[in-house]
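Engineer: Here's a structure for you.
The values are calculated or read from the model by the stated rules, or taken from the named source; none is laboratory data. Small disclaimer: the values here were computed from a predicted structure and weren't measured. For neighbour counting, all protein chains shown are included, and Cβ atoms are generated from backbone atoms with ideal geometry for every residue, glycine included.
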Amino acid sequence: MRIDVVTLFPEMVEHAARFGITGRARERGLWRLGLWNPRDFATDNHRTIDDRPYGGGPGMVMMAGPLGQALDAARDAQRADGCPAPRTIYLSPAGAPLTHRRVMELARAPDAGYVVLAGRYEGVDERLVATVDEEIAIGDFVVSGGELPALMLIDAIARLLPGALNDEKSALEDSFADGLLDCPHYTRPEVYEGIAVPDVLLSGHHEEIRRWRLAQSLRRTRERRPDLLAGRTLTKEEAALLGLNDN
Ligand code: 4FN
């Protein structure tokens, strides 16, 4: 997979993309990162990339010209690197909320290419927004730039690429991957500040442990994120663990 990011702060993206699972996946060649600064495509002496909004009002808008040039250069680089149909994604508060389902879809084609646009200021000239394939939002809060949302999207995709995780099972057993929150986790010591690890986890009864964890996940999800349960059908076992009837 190849991902190109169009950003006024390429160093921010480059630096963050070096760490952890996503950084290791990159070292393993599972994905490649390209970075494009619209400032490098500005035509005037001051390398201007923003201007005042037509109609007035506070703040600045990213100009279509340099941004369009940077996006074109990114798409050309993708094609030259064996990604014939790059998909352009704009991280935007007006986008569709990102879900793990969408992340899995985007990660499913390991040979795909994505051009990711991160905005700054008040946003991007609408004539450029109109050219993107998809708008994605990471959450309902104000941020100062699209770089961190872009990095969250990239992180979520890269860790799903085949070979990124050392323990191949853990991507499947993630909370959210099966639509439920995680069960509580414990490690040594057995007693911390007077609080003991639940007995069942020390029992060695694997089937009991599996059922306890599933029950914890289900109760936690019902308590804290009932919206997640609403979009999911319960198995008979799950319904029983939540104390529901089968009819
Ligand atoms: N944000 C809101 C409403 C209006 C504006 C914003 C906002 C960064 C370039 C966009 C924000 C949120 C989630 C990108 C927010 C995201 C962004 C995102 C984002 C600078 C213009 C801006 C209703 C969400 C509170 C600034 C809501 N996911 N504007 O934050 O890019 O990806």
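Engineer: With the condition being farther than 23 Å from LEU98 by Cα, I'd like the helices (runs of 4 or more DSSP H) fully within the range 198-247 carrying at least 2 qualifying residues.
Structural biologist: Qualifying helices (runs of 4 or more DSSP H): 206-224, 236-241.
Engineer: Counting only residues that are in contact with a Pro (Cβ under 8 Å, 6 or more places away or on another chain), farther than 23 Å from ARG32 by Cα and of a type outside the set (Gly, Ala, Ser), how many does the range 113-141 have?
Structural biologist: Qualifying residue count for the region: 2.
Engineer: In the range 123-151, how many residues are closer than 25 Å to GLY55 by Cα and among the aliphatic types (A, V, I, L, M)?
Structural biologist: Residues that pass the stated criteria total 7.
Engineer: Filter the range 1-29 down to residues that are in contact with a helix residue (DSSP H, G or I) (Cβ under 7 Å, 6 or more places away or on another chain) and assigned to a loop (DSSP other than H, G, I, E, B) and give me whichever is surrounded by the fewest Cβ atoms within 10 Å (Cβ to Cβ).
Structural biologist: Here the answer is PHE9.
Engineer: Looking at (1) part of a loop (DSSP other than H, G, I, E, B); (2) within 14 Å of the ligand (Cβ to nearest atom); (3) under 21 Å from ALA158 (Cβ atoms); (4) without any contact (Cβ under 8 Å) to a residue 40 or more places away in the chain, can you tell me which one GLY139 breaks?
Structural biologist: (4) is the only condition that GLY139 fails.
Engineer: OK, next. Quick check on my filter: what residues within the range 93-121 are in contact (Cβ under 8 Å) with a residue 60 or more places away in the chain, surrounded by 20 or more Cβ atoms within 10 Å (Cβ to Cβ) and near the ligand (Cβ under 9 Å from one of its atoms)?
Structural biologist: ALA118
Engineer: Another question about this same structure. Look at VAL124 and say whether it is crowded, with 19+ Cβ neighbours inside 10 Å and either within 13 Å of the ligand (Cβ to nearest atom) or at pLDDT 95 or above (or both).
Structural biologist: In short, yes.
Engineer: Could you figure out which of (1) away from the ligand (no atom under 12 Å from the Cβ); (2) crowded, with 16+ Cβ neighbours inside 10 Å isn't true of ASP133?
Structural biologist: ASP133 satisfies all of (1) away from the ligand (no atom under 12 Å from the Cβ); (2) crowded, with 16+ Cβ neighbours inside 10 Å except (2).
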